[in-house]
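S.K.: Let me give you the structure first, and then I'll get to my questions.
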Amino acid sequence: MSSPRKKLVVLDGMAYAYRSFYAIGEMSNSKGVPTNAIYGFVNALRRAEKTFHPDYAVVAFDSPGGTFRDEMLGDYKGHRDAPPEDLIRQFPLIEEIVPLMGWHLLKLARYEADDIMATLATWGEKKGLDVVLMSSDKDLLQLVGEKVHVYRENPMGGSLYGAKEVVARYGVPPDRITDLLGLMGDAADNIPGVPGIGEKTAAKLLGEYGSLEKVLKAAPKITQAKLSSNLIEFAEQARLSHKLAKLEMAVPLKHDFNSLEKGEPVPALVEKFHEYEFRALAKDYGAKVGAPPPQATVKTETTKGVHAKKTALAVVDLKKSAIAAALKDLDPKKLTGIHVLVGENISVALAQGAKAVVASVSGWKQVSELLGKLDRPIFFESKATQCGLIKDGQATLEGVLDISVAMYLVQSSRPPRDLNEAGSALGLKLPDLPQAGQDLFEPPAEDLASFARAAVEVGQALQARLKTDDLESLYWELESPLIPVLARMEVAGIRLDVEVLHELERESQRLMKKLETKAIKLAGREFNINSPGQLAKVLFEDLGLPSQKKTKSGFSTDNEVLEKLAPLHELPSVALEYRTLAKLSGTYLQALPRLVDPKDHRLHSTWNQNVAATGRLSSTDPNLQNIPIRTGLGATIRKAFVPDKKGDLILSADYSQIELRILAHYCQDAVLLKAFKDGLDIHTQTASTIFGVRPEKVDAEMRRKAKVINFGVLYGMGPFRISREFHVSMGEAKDFIAQYFAGFPKVAAFLEQCKEDTRKLGYGSTLMGRRRYIPEINSANRVLRESGERTAMNLPIQGSAADLIKKAMLDVDQMLQKKKARSRMLLQVHDELVFEMAAEEKSWLPGQVVHLMENAMKLKAPLKVECGQGKTWFEAKA
């Protein structure tokens with residue numbers, strides 16, 4: 001029996017660095033070094049080792065600067081933006097860590113990682129190795145053969161592509177992939193291909209004629225006129241695209257390929273993990289390489305059955321044991337750390353000091369019984385547990401100390417992502433804990449107990465900090481009781497009529513095609529409107545429009561540039577309109593239907609309390625606070641948001657000019673207060689004041705300018721921005737601002753006081769005592785200092801508005817729970833609350849909601865809520 005072939009695994013370094021950076025989100029160590037890409041990359045290498053057990057292991061990286069393909073096509077990859085600064089900082093750190101893990105890193109000037117991968121695949125094949133190339137790039141599929149496979153990873157695992165899989169996916173064998181790309185192009189690399197030919201058409205042509213050259217030769221005979229003419233006209237472009245897609249299989253690497261064997265990790269790797277604060281990785285690899293841990297960890301013993309006095313940890317199966325047994329030796333009236341892990345079975349860890357219990361339970365009813373006995377449980381994140389309880393019909397937890405939410409009040413600019421960071425921010429030295437983002441699906445009981453113990457320690461320190469910073473009432477009266485409210489909103493979701501979005505998508509595609517045709521006509525030649533490089537050539541070379549700002553890849557065609565060029569030619573306006581529709585299509589019309597839960601046909605967003613530094617809630621997966629409302633087609637997206645049952649309605653309740661009312665309350669300007677008390681239009685009153693005319697003489701343009709200034713003042717808008725908004729000179733812009741502050745002198749005094757107080761205290765605060773630390777206000781750097789001043793002026797206004805709507809949400813939710821109403825609060829969109837209103841409750845619900853929202857806070861400027869209802873969210877807002 002022959003021995004199995006040895007295996008060469010080559011990973012696409014740049015692709016995995018990008019993927020890790022965006023998949024994990026913001027992450028840094030205590031020194032501020034970004035680490036998300038490094039962390040994701042390390043875990044990618046670990047997955048590769050576990051999946052493929054490589055005998056030879058290589059990471060191929062792109063080199064900075066151009067490649068030989070840039071000489072063939074100046075716009076090659078020209079549409080790509082420069083990497084984010086935080087990712088650029090991590091590239092050398094990733095390259096440094098790769099060899100420490102026993103992998104080899106290869107890169108060479110003028111060649112891409114794909115060419116290096118192709119060269120290694122050719123060598124490996126000749127040497128008789130099994131070759132696995134880890135990348136999602138289409139062009140690598142041309143290398144697939146009996147011994148060469150491409151592994152494409154995805155969130156659900158991955159797919160190994162052999163020749164059969166390539167044919168099944170693309171309709172052509174591996175040796176025709178370059179021909180396919182020659183015809184269809186590749187948007188990822190800005191390879192143009194032939195206009196009008198997509199993947200299916202390209203595969204069909206190759207299936208019929210055999211190769212790119214044979215397709216081009218047959219072009220005059222093809223009966224579809226447009227297809228035939230495009231193949232004839234763009235034949236050379238197709239050949240160029242084929243060349244660009246063809247990988248170089250003999251990159252002159254000065255390296256002995258036989259020395260690429262996978263090595264063992266070295267002790268220096270563990271030092272790096274400690275430096276980046278990857279505690280669990282340091283612990284894991286420390287054991288492998290014999291490196292000592294940086295500090296002693298808490299030792300625990302594990303016993304089966306009832307908690308015994310001599311052990312620090314007991315593992316209890318509540319399917320067999322009683323609740324009382326699990327709580328033995330724990331005082332439920334004292335601070336108790338909690339860690340709940342939801343999996344096939346739910347695990348609940350409880351701890352007081354060194355004592356800990358880990359209970360494996362069979363359902364949420366037992367979780368409710370267990371946690372319901374505790375006076376004030378401490379979680380790191382409690383909302384997921386609240387959601388689990390709500391879905392199962394159990395009572396929510398009240399009086400929870402949620403560390404992630406409370407720490408956000410203590411340091412809103414950088415809230416912690418896990419207990420490690422929370423402890424570090426409070427000056428605690430915790431034992432090593434598994435880190436945020438690490439795979440914790442089946443952690444040992446000792447780890448769960450460690451989480452619970454750490455929660456006790458962090459929670460005690462955090463309670464003291466809340467008291468010191470006068471944040472106790474803000475947390476206990478607003479933020480903590482809001483957690484189950486948000487959990488109810490997440491569980492409820494909102495019904496989406498996907499057919500409405502499908503119809504809008506068809507309409508948007510029709511309009512985009514029309515705009516594309518119009519753009520080509522205006523340009524006088526064929527070009528790809530999606531390519532910034534091609535658009536730049538048309539605008540600045542063909543049409544001779546004045547170029548604006550320049551980027552690394554050429555002259556910019558971003559939206560700001562197009563807006564400046566719009567008065568000079570029609571094409572920039574067409575390009576802007578096309579981009580708006582393309583974004584609408586990709587972000588909403590195509591994306592939202594895919595996110596609908598197939599069980600209830602509803603979108604379930606995640607509501608975040610600890611993201612925006614101002615205190616505002618944010619919505620993710622999907623973001624339902626960003627649904628368009630001002631543009632025609634965009635606004636109609638709201639027609640897809642509907643109630644679940646026939647006869648029910650969507651109710652929208654929206655605060656009117658809340659931030660200006662809060663400004664009037666703070667500064668007590670008589671003119672502003674009188675306008676709000678008398679129910680006058682505040683923008684008309686402002687226009688009357690700054691333009692020196694009677695209110696009835698204010699025209700639409702005056703009111704528009706007054707509105708810009710009213711809101712601009714809150715955000716520290718300066719003369720430069722005003723001049724752009726109003727299309728006036730800097731001198732005139734300064735006059736507008738001077739006239740505003742002359743008419744409302746108390747506003748100017750209030751804003752100056754905000755800056756002065758923040759300079760002294762180091763933070764700004766809201767009506768409910770929310771703090772935001774703004775150290776940059778005292779910076780010697782003018783740009784940073786001015787940014788800090790704008791934040792200091794804005795925080796009391798925007799932060800107080802955030803506090804107000806949260807208080808309104810609590811009051812409304814309490815009313816709905818008390819009445820056992822069928823109506824549900826579904827969304828919070830800045831100053832608006834959206835409800836699904838039961839048919840039998842529509843006689844009283846709108847009035848109750850308006851009353852509670854208008855009385856959530858007592859301000860010197862009265863609060864006003866505008867309410868609407870309809871069969872869709874669009875109708876409710878009409």
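The values are calculated or read from the model by the stated rules, or taken from the named source; none is laboratory data. Predicted, not measured: the structure shown is a model, and the values here were computed from it. Neighbour counts are summed over all protein chains in view; Cβ atoms, including those assigned to glycine, are modelled from backbone coordinates with ideal geometry. Keep in mind that these areas ignore ligands, DNA and RNA; they rest on the heavy atoms of the full protein, side chains included. Shrake-Rupley method; radii C 1.70, N 1.55, O 1.52, S 1.80 Å.
S.K.: Subtracting the Cα-Cα distance from 0.36 nm times the residue separation, let me have the gained length for VAL611 to ARG5 in nm, one decimal.
M.R.: 213.1 nm is the gain from fully extending VAL611 to ARG5.
S.K.: Okay, next question. Taking square-rooted eigenvalues a ≥ b ≥ c of the alpha carbon gyration tensor, is the range 787-859 rounded, prolate or oblate, where a/c under 1.5 means rounded and, failing that, a/b exceeding b/c means prolate?
M.R.: It comes out prolate by the Cα gyration axes.
S.K.: Sticking with this one: Stretched out fully, how many nm does the piece from LEU227 to ARG89 gain, at 0.36 nm a residue minus the Cα gap?
M.R.: Once the chain is fully extended between LEU227 and ARG89, it gains 45.0 nm.
S.K.: Still on this structure, I have one more. Of all DSSP beta bridges located in the chain, what percent are antiparallel, nearest 5?
M.R.: Antiparallel bridges make up about 60 percent of those DSSP assigns within the chain.
S.K.: Roughly how many percent of the accessible protein surface of the range 762-841 is carbon and sulfur, given a 1.4 Å probe and a whole-percent answer? Spell out each step's value before the answer.
M.R.: Working: 1450 of 3060 Å².
That share works out to 47 percent.
S.K.: What is the sum of charges around GLY788, taking Lys and Arg as +1, Asp and Glu as -1, for the other residues whose C-beta is under 10 Å from the C-beta of GLY788?
M.R.: Cβ neighbours under 10 Å give a net charge of +1.
S.K.: Follow-up question, since we're still on this one. Taking 0.36 nm per residue of sequence separation and subtracting the Cα-Cα distance, how much length would be gained by fully extending the chain between GLU752 and GLU499, in nm to one decimal? Don't jump to the answer; show the numbers that get you there.
M.R.: Details: separation 253, 0.36 × 253 = 91.08 nm, distance 5.24 nm.
Roughly 85.8 nm would be gained on extension.
S.K.: Could you tell me which residue out of ILE737, ASN528, VAL849 lies farthest along the dipole of the chain toward its positive end? Charges go on the beta carbon: Lys and Arg +1, Asp and Glu -1, centred on the Cα centre.
M.R.: VAL849
S.K.: Report, in debye and to the nearest 20, how large the dipole of the chain comes out about its Cα centre when Lys and Arg carry +1 and Asp and Glu carry -1 on their Cβ.
M.R.: For the chain, the charge dipole is close to 1040 debye.
S.K.: For the chain, would you read off the P(r) tail past 43 Å as a percentage of all alpha carbon pairs? Write out the running numbers ahead of the final one.
M.R.: Details: 173782 of 385003 pairs.
Distances greater than 43 Å cover 45 percent of the Cα pairs.
S.K.: Shifting gears a bit: State to the nearest 20 debye the size of the charge dipole of the range 184-267 about its Cα centre, where the only charges are +1 on K and R beta carbons and -1 on D and E beta carbons.
M.R.: Values: 11 positive and 11 negative charges, 102 e Å.
Dipole magnitude for the range 184-267 comes out near 480 debye.
S.K.: Give the accessible surface of the range 728-801 per residue, rounded to a whole number of Å², with probe radius 1.4 Å and ligands, DNA and RNA excluded.
M.R.: Accessible surface, normalised per residue, equals 48 Å².
S.K.: Under a plain spin-label model, where a point goes 7 Å from the Cα along Cα-to-Cβ, how far apart in nm are ASP284 and ALA464?
M.R.: 3.5
S.K.: Mean Kyte-Doolittle of at least 0.0 plus a Cα span of 18 Å or more along the axis: flag which DSSP H helices in the chain meet both, please.
M.R.: Helices meeting the criterion: 445-468, 480-492, 570-584, 700-714, 730-743.
S.K.: List the trypsin sites (Lys or Arg not before Pro) within the range 788-838 that fall in a DSSP loop (any state other than H, G, I, E or B) and whose Cβ has at most 10 other Cβ atoms within 10 Å.
M.R.: Counting only loop positions with at most 10 other Cβ atoms within 10 Å, the trypsin sites (Lys or Arg not before Pro) in the range 788-838 are LYS820.
S.K.: When a/c reaches 1.5 or more, the comparison of a/b and b/c decides; with that in mind, is the range 646-791 rounded, prolate or oblate per its Cα gyration tensor?
M.R.: oblate
S.K.: Ignoring ligands and nucleic acids, what accessible area does THR606 show with a 1.4 Å probe (Å², nearest 10)?
M.R.: 50
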